[in-house]
């Protein structure tokens, strides 16, 4: 029951909408912005002038002017991707990634650290990411402007303050990750769960573009879910929505690390979720099954069946248009797609799955990284001229 | 990336916001509207004048003027509940309800038809509800204005057009319920699922007021769920979200009428869900358990355990602030609350349940009816002056 926005709100919304447009869709002519945003030409001109003066976009003559010939060709509006950027990070169980991502979603620089089988303490994470940022800062352009930082973490994240109650490894307990990383890199770092950010990324520039009801499933040592409903993230009261790996699908089943029995992630089985030894990866299992190994075939059948059962439950509960498999689940799904679809068709209601698409993450393992960049860009896109952005150098 | 609203959009939004305010919260002083909506006094005055001229509200001196004495007391704005109304209906498996509901959510008139054990064909539903409307129309005030009609049905509803693919009884197949009822009562009837409308009602004026992340579970012959995320309904791509009764919780369990095995509603057991004979109702079971009947005790334990398991899954997936038990699940929950909570605590993650409240529907069996009224009022509240409302008679 909030009242309608003021004139100032409207100007800010329009600036944000235009900048988001070129950020998401890439270079766009003024004519297409006019049509796409439902504003008149002079308003679009005023908005682009303001954004250009702030150094956020450039306007240039279109490269290809052969088409029409009648009248002046419409200027093309392009994000200042080299100049305006964020830092984006992912914290996996045994892998850290840091990137400098330009406006428009362009990865400009990228560093990675792997430590298979052991993982990182919060202190090690902060040191490593802080070091990466120092390196990347040196190679950034002199007139560059950093407008934010975001991190995707393979753990539950309290929505109110970015605290991590548990995991990824045992020395994480009520970890104030946002505070720690902010101190390490000298600017505010927004924190999100990897699956929650993965779904945002796949919706913005991946497999789910144009799909507003989406579930993104991310496999690592655990299974996390990111849920979009009508294009908006489903966060839950405290930000913990999407713990789909702890949906019980088999009450007398395998013990789960959470203390319950028969959780989805426990039933799919550790070999399908971890980057283990060759023998135990899903790829190794698929190879063995292709060679006629009976146990491997049975293992594949079992993994696909459980994967399909959990997906069927989520489809009945949420009626998504698309389920996207990311992280290690990408490979699991590719190896068991027929089994997954078969179980899904037996177990979900025909109407809830009628228009369902199953896809792998188009952004691959980088979906959460792109999502962390979106999180970092959010403040700029909400309010392009008041986000602490320094004026353009020239 | 839509552009910001125009001046005309803003006026409409403000009129709608003010009318929604008094519709939901009841009579409200201009001073409180000014504070609550963040608009200035003269804008509020202009809006109330327009709404009063349209016959939607009245303004009157406050009854209690003893308090202050300094200055003129602020006028109180009240919805024209007797004059402006909708028709709201519910279609249960064996019960039809029709009501005339005034602006502000006041049930002004109400009719009911029960047919235990057999149910109604679509044709019988249309005839019965058409007859009820004809009766209620006769007792409505002469200057009354009907601004909409809505129905809550115990079946899946396709979001795009209100078609019912299946159920409540076997002679329903791809039933164009909205069209049929619209023809029967001579005005457009909006169609919603009973649980989807139940959660809206409990959020607007029931147990979940102030809670924006809510799951409402409605028991009838089946279990349906209505989900709110950040105050907005989670509908799914085709409007079928919330089929929580067909979440598989026991893959080798009981056969379900949907064709799968071990669905939640199949495991909780028919006796807990249907209004059966006394012996098989949950009330009868609870009485027998209280008398020390061992089988009844075991039955109660089992029902509560399965109910708790399904709730735990939903809590892990959606992290709601509240789960509301409605329809027959109200009684089931009351009889098994300790068992439900015990299973929930063993099976859900501590963080996802930390702030969770479990409640019964404050609107009782009428939650879907109130929700159907909200559905019917939506057009008026979105655009108070252009919803085909006849001008006030005097």
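Every number in this text was worked out from the coordinates using simple rules, so none of it is lab data. Quantities reported herein were computed from a predicted structural model and do not represent experimental measurements. Reconstructed Cβ throughout: ideal geometry from the backbone, glycine too, with neighbour counts over all protein chains shown.
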Can you quote the Å³ per residue value for the convex hull of the Cα atoms in chain A, rounded to an integer? 179 Å³
Could you list log10 I(q)/I(0) for region B:176-223 at q = 0.15, 0.30 Å⁻¹, which the Debye formula gives when each Cα is one point scatterer? -0.54, -0.98
Could you give log10 I(q)/I(0) at q = 0.15, 0.20, 0.21 Å⁻¹ for region A:93-201, computed by the Debye formula over C-alpha point scatterers of equal weight, without solvent? -0.64, -1.15, -1.26
Rounded to the nearest 0.05, what FRET efficiency is calculated for residue A:160 and residue B:294 with R0 set to 35 Å and r the Cβ-Cβ distance? 0.15
Beta bridges by DSSP in region A:209-361, antiparallel share as percent, to the nearest 5: 50 percent
Could you tell me the ratio Rg/Rh of the protein assembly as shown? Both radii from Cα atoms, Rh via Kirkwood. 0.99
Averaged across the residues of B:343-353, what count of C-beta atoms belonging to other chains lies within 10 Å of each residue's C-beta? 5
7 Å from Cα along Cα→Cβ at both residue B:386 and residue B:169: what's the point-to-point distance in nm? 4.4 nm
Helix B:294-318 versus the longest principal axis of chain B: what angle, 0 to 90°, nearest 10, using Cα atoms? 50 degrees
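What is region B:283-394 by shape, rounded, prolate or oblate, if you read a ≥ b ≥ c off the alpha carbon gyration tensor as root eigenvalues and call it rounded for a/c under 1.5, prolate for a/b larger than b/c, and oblate otherwise?
Judged from the Cα gyration tensor, region B:283-394 comes out oblate (a/c at least 1.5, b/c at or above a/b).
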How big is the convex hull of the Cα atoms of region B:1-153, per residue, in Å³? 173 Å³
How many percent of DSSP beta bridges within chain A run antiparallel, rounded to 5? 60 percent
Across A:58, A:200, A:151, the residue with the highest GNM fluctuation in chain A (Cα network, 10 Å cutoff) is A:58
Cα-based equivalent ellipsoid of region B:7-79: semi-axis lengths in Å, sorted from largest, via gyration tensor: 21, 13, 11
Nearest 10 degrees is fine. How inclined is helix A:367-382 to the longest principal axis of chain A, computing both from alpha carbons? 30 degrees
Distances in nm from residue B:342 to the matching label points in the other copies, shortest first (labels 7 Å along Cα to Cβ): 4.0
Using a 7 Å Cα-to-Cβ projection, residue A:295 label spacings across copies, nm, ascending: 4.7
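Taking only C-alpha pairs under 8 Å that are 6+ residues apart, what is the relative contact order of region B:210-361 in percent?
Values: 275 pairs, mean separation 36.6, N = 152.
Reported relative contact order: 24 percent.
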What average count of beta carbons from other chains do you get within 10 Å of the Cβ of residues in B:316-326? 6
Report the gain in length on full extension from residue B:78 to residue B:337: 0.36 nm times residue separation, minus Cα-Cα distance, nm rounded to one decimal. 89.3 nm
Gaussian network model of chain A, springs between alpha carbon atoms under 10 Å - residue of A:253, A:38, A:269 with greatest fluctuation: A:38
Taking every residue of B:247-258, the Cβ atoms of other protein chains inside 10 Å of its Cβ average out to 5
Over region A:73-143, what is the mean sequence separation of C-alpha contacts under 8 Å (at least six apart), divided by residue count, expressed as relative contact order in percent? 27 percent
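For region B:210-361, compute Rh as the Kirkwood radius over C-alpha pairs and then the Stokes-Einstein diffusion coefficient at 10 °C and 1.306 mPa s; write the answer in µm²/s, rounded to an integer.
Value of D from the Cα-based Kirkwood radius: 102 µm²/s.
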Cβ-vector label at 7 Å, residue B:41, separations to other copies in nm: 4.7
For chain A, what is the relative contact order in percent, using Cα pairs closer than 8 Å and at least 6 residues apart in sequence? 17 percent
How much mean residue ellipticity at 222 nm does chain B get from its helices, if each DSSP H run of length 4 or more adds -39500 (n - 2.57) and you divide by all residues, to the nearest 500 deg cm²/dmol? -13000 deg cm²/dmol
Please sort B:73-86, A:317-330, B:163-176, A:91-104 by packing, taking for each peptide the average over its residues of neighbouring beta carbons within 10 angstrom, highest first. A:317-330, A:91-104, B:73-86, B:163-176
Angle in degrees between helix A:194-205 and the longest Cα principal axis of chain A, rounded to the nearest 10: 50 degrees
Please report the antiparallel percentage of DSSP beta bridges with both residues in region B:135-231, rounded to the nearest 5. 65 percent
